[in-house]
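What follows is a short report on a single structure.
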Amino acid sequence: MLAASGRRMRYHGGNVKLLLLLAPCVLALWVPLYNSIPPVLFGIPFFYWFQLVLIPVSALAIVAADRIGRD
Amino acid sequence: MFDHLNVVATSVFVFFFGLVSVLGFVAARWKAADLDHIDEWGLGGRRFGRWITWFLLGGDLYTAYTVIAIPAVVFAIGAYGFFAVPYTIIIYPFLYLTLPRLWAVSEKHGYMTAGDFVLGRYGHKGLELAVALTGILATMPYIALQLVGLEKVILALGFGGQGIMAHAPITIAFVILALFTYKSGLRAPAMIAFVKDAMIYIFIIAAIVIIPYELGGFGAIFDAAGRAFDARVAANPKLAAGLTLQPGQVGPYITLAIGSAMALFMYPHALTGALAASSGRAIRFNTMTLPAYSFVLGLIALLGLMAIAAGVKVETPQDAVPQLVLWAFPSWFAGFCFAAIALGALVPAAVMSIGAANTFTRNIWKPFIRPQMSPREESLLAKLASLAVKIGALAVIFFMPTRFALDLQLLGGVWMVQIFPAIIFGLYTRWFSGWALVIGWAAGMIVGTSLSWTGTAWVPVHALKWDIPLVGDVDLGLGFAAYNGLTAVIVNVLLSAAFSLALRSRARDETSPADYQDRALA
């Protein structure tokens, strides 16, 4: 009983892990979402700053995914 | 040939180049071991910890050619060149899942190359040969392009010269590179990478602060670039250029990012850098930290727009970054930046030649010519092969038009992704059989290559409608063009799966499921 719920927990953790790894990829490839000039930030069009910001976000998502199931 | 030489910049350039050359030779003593063993020469004894791996892979993947070519595309047509950003975003989550498995099985069985792995997994020499040939074929033009990057900055220093003298500086640089790679193996680029990466970071931080200041801020830069693209499109309505993607560019942008990400770690130099890591943990750490280089790459891409705003004059878009550097910085710092780019050519060129040499030795010479090689003989052969690869790359630059190397590099990516099914699926299952994967590979190579030829030029993308011999016109009706590497690998996977159903494999699989587990996590 305990072992079964443990397995289900791990399975659930595995899903969250995959979601964390997948989400930045989907955003990065969802080009129509960010293919525009406004909103401009510090003079930089959305197309450029969105993708630049997504880089550290994706790295943090991997860090978070890595934390799951390790403790 | 020295009439227009920028003496200050050249002095700084030569100083840093000399410094790393010394480092390259000293590296032989670093983590001292018997360099007559191929595992030591060609893989640094698999003892590179997380930070050394970070510098090595960063220096290895984000090459001088990248620093020149990505901003060149942005300079020429704008947003499209930014595909390198989604490409480098999607690659790390993928590597986080797959690369530690490949590292674990390779460490367990002593694999040094992708060919070693497929031979152990599928027990199929033909597939091993296909994987090895693809790697070598795709790597040669890539090394040649590093030389193009090197030549661009040397040209910007003001070297003139005719005929053979025009190539004298890169020949000297390459001879030095060849010698210390021969002596120190993978330790040389690993050690040089520290200096090179630090210099690239200083160059980019300075550029991203100082150049926008000189040009009146990012707003002014994007305004000027946007006006320039509008003017170019007005002059040539067929040109697809702009600050955002044009409708026809969206499909290629997405598929190029996916296909390039699938191809990157199939290259021998990328795998060499990764397999030299000391643990699966070190690799996972790097999938979280290497995006720092991707961020720098994104900033480097913006240099293309800054070059437009600065109004630099160029003969080809590839001169945009060197000319921008000369425009923006005093001579001494320009020399520093050029040295950073030049070293950015040496690190990958060294790792690429080592990766190609390991592949040639282990997967072509050993199985097909001389199976009874001792580790000492393997090491010597790999060293000689690394020299041969570099001489080949120099010959390409000397005797072929640059266009040739560029076309081959473009095709190299299309070809490289064709070994993706054998390697990546193989990390999870032995359901596919060796012969089926060879058939899929061959079909992928043919489809990818033929899609890329327009009759007058090689291009990486093709509309998703084809005139297939014996079948006729086929149109998927999706209305966009896609990267040929991706289209071809889909054909590859479908055929591999179909033939795997028909041709079940009874060949031995020397790996077991436990071999793929990352011990750091288990």
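The values are calculated or read from the model by the stated rules, or taken from the named source; none is laboratory data. Computed from a predicted model, the values in this text were never measured in an experiment. Here the Cβ is made from the backbone with ideal geometry for all residues, glycine too, and neighbour counts use every protein chain on show. Please note that ligands, DNA and RNA were not included when accessible areas were found on the heavy atoms of the full protein model with its side chains. Shrake-Rupley method; radii C 1.70, N 1.55, O 1.52, S 1.80 Å.
Brief remarks follow.
- Out-of-range pairs (alpha-carbon distance over 26 Å; input B:K313/B:K390; B:K152/B:K313; B:K366/B:K390): B:K313/B:K390
- Applying both filters, DSSP loop and at most 10 other Cβ atoms within 10 Å, to the trypsin sites (Lys or Arg not before Pro) of the stretch B:221-309 gives B:K238.
- Chain lengthening between A:A64 and A:F42 when straightened (0.36 nm per residue, less Cα-Cα): 5.0 nm
- Förster radius 51 Å - calculated FRET efficiency between B:D467 and B:K31, Cβ distance, rounded to 0.05: 0.35
- Prolate/oblate/rounded label for the stretch B:22-95 (Cα gyration tensor, a/c 1.5): prolate
- Interface residues of the stretch B:57-90, defined as those with an accessible-area decrease of at least 10 Å² between the chain by itself and the complete set of protein chains (probe 1.4 Å), are B:A79, B:F82, B:V85, B:P86, B:I89, B:I90.
- Annotation for the stretch B:1-110: chymotrypsin sites (Phe, Trp or Tyr not before Pro) lying in DSSP loop with at most 10 further Cβ atoms inside 10 Å of their Cβ are B:F2.
- Shape summary: the stretch B:204-284 maps onto an equivalent ellipsoid whose semi-axes, from the alpha-carbon gyration tensor, are 37, 23, 9 Å in decreasing order.
- Heavy-atom accessible area with a 1.4 Å probe sorts B:F265, B:F194, A:F46, largest first, into B:F194, A:F46, B:F265.
- Here the calculated FRET efficiency for B:D230 and B:W453, from their Cβ-Cβ distance with R0 = 41 Å, stands at 0.80, rounded to the nearest 0.05.
- Beta bridges per DSSP with both ends in the protein assembly as shown, % antiparallel, nearest 5: 80
- Once exposed loop GluC sites (Glu not before Pro) are cut out (DSSP; at most 15 other Cβ, 10 Å), longest piece of chain B: B:1-314
- Protein accessible surface hidden between A and B, which excludes ligands and nucleic acids, total in Å², probe 1.4 Å: 2700
- Rolling a 1.4 Å probe over the protein chains gives B:K31 an accessible area of about 70 Å².
- Estimated distance in nm for a label pair at A:L18 and B:K313, the labels positioned 7 Å out from Cα along Cα-to-Cβ: 5.9
- For the stretch B:7-403, the direction-averaged projected area of the alpha-carbon convex hull comes to 19.2 nm².
- Counting only aspartates and glutamates at least 8 places from B:K125 when in the same chain, those with an alpha carbon closer than 18 Å to its own are B:D116, B:D509, B:E510.
- Taken over the stretch B:149-286, the alpha-carbon convex hull comes to 217 cubic angstrom per residue.
- Here's the list of aspartates and glutamates a cross-link from B:K31 could span, going by alpha-carbon distance under 13 Å and ignoring same-chain residues fewer than 8 apart: B:E40.
- Counting only residues at least eight positions apart within a chain, or on another chain, there are no lysines with an alpha carbon under 19 Å from that of A:K17.
- Carbon and sulfur %, accessible surface of chain B computed with the full protein complex present, 1.4 Å: 69
- Normalised by the number of residues in chain B, the average gap of Cα pairs under 8 Å and 6 or more apart makes the relative contact order 31 percent.
- For B:W332 and B:D518, a Förster radius of 56 Å and the Cβ-Cβ distance give a FRET efficiency of 0.75, rounded to the nearest 0.05.
- Placed amide H near A:I44: partners under 5 Å, 5+ positions off or other chain: none
- Residue-normalised convex hull volume from the C-alpha trace of the protein assembly as shown: 168 Å³ per residue.
- Accessible surface, 1.4 Å probe, highest first, among residues B:D467, B:D197: B:D467, B:D197
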